[in-house]
Amino acid sequence: MSTAPLDQLPEQKAELLQAIAGISTLEMLREEEPRITGKRSILSTLQRSLGSLDPDARKDAGATLQEVRHEVEAALAARRAELERSARSETLEVDRLDLGDVVVSSLKWPLGVGHPGLVASTQQELEDVFIGMGFSVADGPEVESDWYNFEALNIPPAHPARGMWDTFYVELGEPETVVLRTHTSPTQIHLMEAAVANGTLPIHSVMPGRCFRRDTPDARHLATFHQIEGLVVDRGISFADLAGVIETFTRAYFGADIESRLRPAYFPFTEPSAEFEITCTICRGEGCRTCSRTGWIELGGCGMLDPAVLEAVGIDGNEWSGFAFGFGIDRCAQMRHQIADMRALIENDVRFLEQFS
Ligand code: DAH
């Protein structure tokens, strides 16, 4: 009897599955969905027609119809997932930002060429001046053990002078506590040790590099800054040699009208020790706010090598003597270019940087 409600079910199911396979966009899916599984769909119409069957036949037919409904709904869900996936990758493709494209297309041709920053070029100029005076240039590690940064420089643990170079001590366990170097002076120790080991004394070297302190940045201080260290170890070196080197450097770098002077000071690794000052480059010695009306600006420290330092590295103080000095490279750049606030050196403001190309 072909009037039974589910007679056509296999064909109807095949038609629905074919319709689902033919759906090509999410929008089309939204339009077709009511016709496939909605209240007015063939499946719902068949469901309603089952009411005319007797209870047993209705139960069987209901189960069959339910099975087909599940199959159709699963096919529709799979199609939806597929369409959503491809829509998403299409969006990604369209929205993809090729940074290379953006950067290149926004460049103005001909391209501008970058240049070393002010600190790097200042370091280069300082090295050139010292090379011209017969010094060689050496490098040292930025991470030092307590021994190099302090003890070998005659600054034992708990010595009050450690306060001048306060920093964060990192205990890595045995053998030693480690610090980011607070000055370039530890490089002196490396150089002297190497010269002793290799039998290459005398030493005439400068050692530029980055240093770190537990400092709050202000107009004249940075927590990460640069120093250049000088070291001479030779026979018959006197304080006059030190004063001559400082004065020669000052005039060569800052100009003939800028002088240097030495004032007694204290550093654990030199004896005697001095601070060296130069004529204030802002007022040319007249006295101004920058130099607290003294006409002089402090640049760094210096002195004759302390016998305790020579002893720490195994150099015979009866045969050899020497001097050392150290000063801030950033401070030099500040003085030379009359930069009011040193923080400008690390702010990366192109308007500032471009003035020194
Ligand atoms: N290392 C000292 C500092 O950072 C500067 C200094 C003083 C270096 C005297 C020297 C020196 O070589 O002899 O404050």
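General remarks:
- Number of residues in region 129-139 that are out of contact with any Gly (no Cβ under 7 Å at 6 or more places or on another chain) and exposed (fewer than 13 other Cβ atoms within 10 Å of the Cβ) equals 3.
- A single member of LEU92, LEU16, LEU97 is over 30 Å from PHE356 (Cβ atoms) and in contact (Cβ under 8 Å) with a residue 24 or more places away in the chain, and it is LEU16.
- Enumeration of residues in region 311-323 that are part of a loop (DSSP other than H, G, I, E, B) and either within 36 Å of the chain's Cα centre (by Cα) or within 15 Å of the ligand (Cβ to nearest atom) (or both): VAL313
- Among (1) out of contact with any helix residue (DSSP H, G or I) (no Cβ under 9 Å at 6 or more places or on another chain); (2) buried (at least 21 other Cβ atoms within 10 Å of the Cβ) - the single one LEU299 does not satisfy: (1)
- Considered as a group, the residues in region 251-296 that are among the β-branched types (Val, Ile, Thr) and within 16 Å of the ligand (Cβ to nearest atom) include one that is farthest from TRP147 (Cα to Cα), and that residue is ILE278.
- The set of residues in region 36-63 that are in contact (Cβ under 8 Å) with a residue 12 or more places away in the chain and exposed (fewer than 14 other Cβ atoms within 10 Å of the Cβ) contains only SER52.
Okay, residues lined up against (1) under 30 Å from HIS190 (Cα atoms); (2) free of Cβ contacts under 8 Å to residues at least 60 places away in the same chain; (3) not assigned by TED's automatic domain parsing to the domain that holds ALA274:
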residue: GLY301; (1), (2), (3): yes, yes, no
residue: LEU305; (1), (2), (3): yes, no, no
residue: PHE323; (1), (2), (3): yes, no, no
residue: GLY328; (1), (2), (3): yes, no, no
residue: LEU345; (1), (2), (3): yes, no, no
residue: VAL350; (1), (2), (3): no, yes, no
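- Selection within region 221-237 - outside any strand (DSSP E or B) and more than 22 Å from the chain's Cα centre (by Cα): ARG235, GLY236, ILE237
- Considering ALA75, ALA81, ALA138, ALA152, the condition of being touching a helix residue (DSSP H, G or I) at 6+ places or on another chain (Cβ under 9 Å) and under 30 Å from PRO34 (Cβ atoms) is satisfied by ALA75 alone.
- Residues that are of a type in the set (Gly, Ala, Ser) and either farther than 21 Å from THR270 by Cβ or touching a residue at least 60 places away in the same chain (Cβ under 8 Å) (or both), drawn from region 171-194: GLY173, SER185
- The condition (being closer than 26 Å to ALA344 by Cα and modelled with pLDDT of 95 or more) is satisfied by just one residue among GLY140, GLY134, GLY209: GLY209.
- GLY326 vs. criteria within 15 Å of the ligand (Cβ to nearest atom) and surrounded by 16 or more Cβ atoms within 10 Å (Cβ to Cβ): yes
- Of VAL103, VAL178, VAL170, all but one fail to be modelled with pLDDT under 95 and outside the structural domain of GLN227 (by TED's automatic domain parsing); the exception is VAL103.
- Among the candidates LEU201, LEU242, residue that is more than 34 Å from the chain's Cα centre (by Cα) and within 30 Å of GLN338 (Cβ to Cβ): LEU242
- Unmet criterion (only one of (1) at pLDDT 95 or above; (2) within 14 Å of the ligand (Cβ to nearest atom); (3) buried (at least 19 other Cβ atoms within 10 Å of the Cβ)) for ALA308: (3)
- THR184 satisfies every condition listed in (1) within 13 Å of the ligand (Cβ to nearest atom); (2) open to solvent by 30 Å² or more (accessible area, probe 1.4 Å); (3) under 16 Å from GLY209 (Cβ atoms); (4) out of contact with any helix residue (DSSP H, G or I) (no Cβ under 8 Å at 6 or more places or on another chain) except (2).
The values are calculated or read from the model by the stated rules, or taken from the named source; none is laboratory data. Given the structure is predicted, the values throughout are model-derived calculations rather than measurements. Positions of Cβ are backbone-derived with ideal geometry, glycine not excepted, and every protein chain shown enters the neighbour counts. Side chains are part of the model used for accessible areas, which takes the heavy atoms of the whole protein and leaves out ligands, DNA and RNA. Shrake-Rupley method; radii C 1.70, N 1.55, O 1.52, S 1.80 Å.
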